[in-house]
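Enquirer: Let me begin by handing over the structure; questions about it come next.
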Amino acid sequence: MIKFKSLNKNAQFLDILKKKKINTKYFAVFFGKKMIHKKSNQCLNISFVVKKKVGNSVVRNKIKRKLKAAVQKFIREKQPIDLNYTYVIFGRNNVYKDKFQLIFNEVNDVFKQIKKEPHRQWN
C-alpha cells in the first residue's frame, strides 16, 4: 500500500509551483522531481490544496476529500503513478458540484499523461 505524505514547508510548495503544470476543469496539478530521496519508496509526496476563496471550510474539505479519494482509487486499481515526483493538486469549485466518476476520470487521464510523457513541457 502506498502512503500519502504531504508537503509541510513553504519552500517545498514554492519549489513545486515553479515546475510543470497541467490545468483541467476540476483541478490544477503542479509536479516535479522529488527533492529528497530517502527510504520512502512506498511514499507518494502529494498535497491537496484549495484556495480560501472557494467556499467555507466544509466545501473546501469536501473538495480535498473527493480529490484524495480519486487518487486513492487510481492507485488501488494498480494504475501507474510515478513515485519519483512530488505533486500539488489545487482543487477548484467544480469538484464540489460534479459527480465523483467525472473527477476520477479526469484524475486518471492526468496521471496517465504524466506517466507517459514525463519530459514534455506543460504550461
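Enquirer: Out of everything in region 78-98 that is surrounded by 15 or more Cβ atoms within 10 Å (Cβ to Cβ) and assigned to a helix (DSSP H, G or I), what residue ends up being nearest to the chain's Cα centre (by Cα)?
Expert: Val95
Enquirer: Being hydrophobic (A, V, I, L, M, F, W, C) and farther than 23 Å from Gln72 by Cα is the filter; apply it to region 1-16 and report the residue that is most open to solvent (accessible area, probe 1.4 Å).
Expert: Looking at residues that are hydrophobic (A, V, I, L, M, F, W, C) and farther than 23 Å from Gln72 by Cα, I get Leu14.
Enquirer: Any residue in region 82-101 that's more than 22 Å from Lys53 (Cα to Cα): show its pairings with residues that are in a helix (DSSP H, G or I) and open to solvent by 40 Å² or more (accessible area, probe 1.4 Å) at Cβ separation under 6 Å, as long as the two are six or more apart or on different chains.
Expert: Asp82/Lys115
Enquirer: Could you tell me whether Lys19 is at pLDDT below 85 and either more than 18 Å from Lys64 (Cα to Cα) or open to solvent by 40 Å² or more (accessible area, probe 1.4 Å) (or both)?
Expert: No, not satisfied.
Enquirer: Any idea which residue in region 22-51 is least open to solvent (accessible area, probe 1.4 Å), counting only those that are more than 14 Å from Phe90 (Cβ to Cβ) and at pLDDT 85 or above?
Expert: Only one residue tops the list, namely Gly32.
Enquirer: Name the residue that is modelled with the lowest pLDDT, counting only residues in region 106-119 that are assigned to a helix (DSSP H, G or I) and exposed (fewer than 13 other Cβ atoms within 10 Å of the Cβ).
Expert: In this case the residue turns out to be Lys116.
Enquirer: Can you work out which of the residues in region 52-77 that are farther than 17 Å from Lys3 by Cα and either of a type outside the set (Lys, Arg) or modelled with pLDDT under 90 (or both) is surrounded by the most Cβ atoms within 10 Å (Cβ to Cβ)?
Expert: The extreme case among them is Ile63.
Enquirer: What single numbered condition from (1) without any contact (Cβ under 8 Å) to a residue 24 or more places away in the chain; (2) in contact with a strand residue (DSSP E or B) (Cβ under 9 Å, 6 or more places away or on another chain) fails to hold for Leu67?
Expert: Going through the list (1) without any contact (Cβ under 8 Å) to a residue 24 or more places away in the chain; (2) in contact with a strand residue (DSSP E or B) (Cβ under 9 Å, 6 or more places away or on another chain), Leu67 breaks only (1).
The values are calculated or read from the model by the stated rules, or taken from the named source; none is laboratory data. Remember, predicted model here, so these are calculated numbers, not experimental data. Here Cβ is always computed from backbone atoms with ideal geometry, including for glycine, and neighbour counts include all displayed protein chains. Accessible surface is based on the protein model in full, side chains and every heavy atom, while ligands, DNA and RNA are left aside. Shrake-Rupley method; radii C 1.70, N 1.55, O 1.52, S 1.80 Å.
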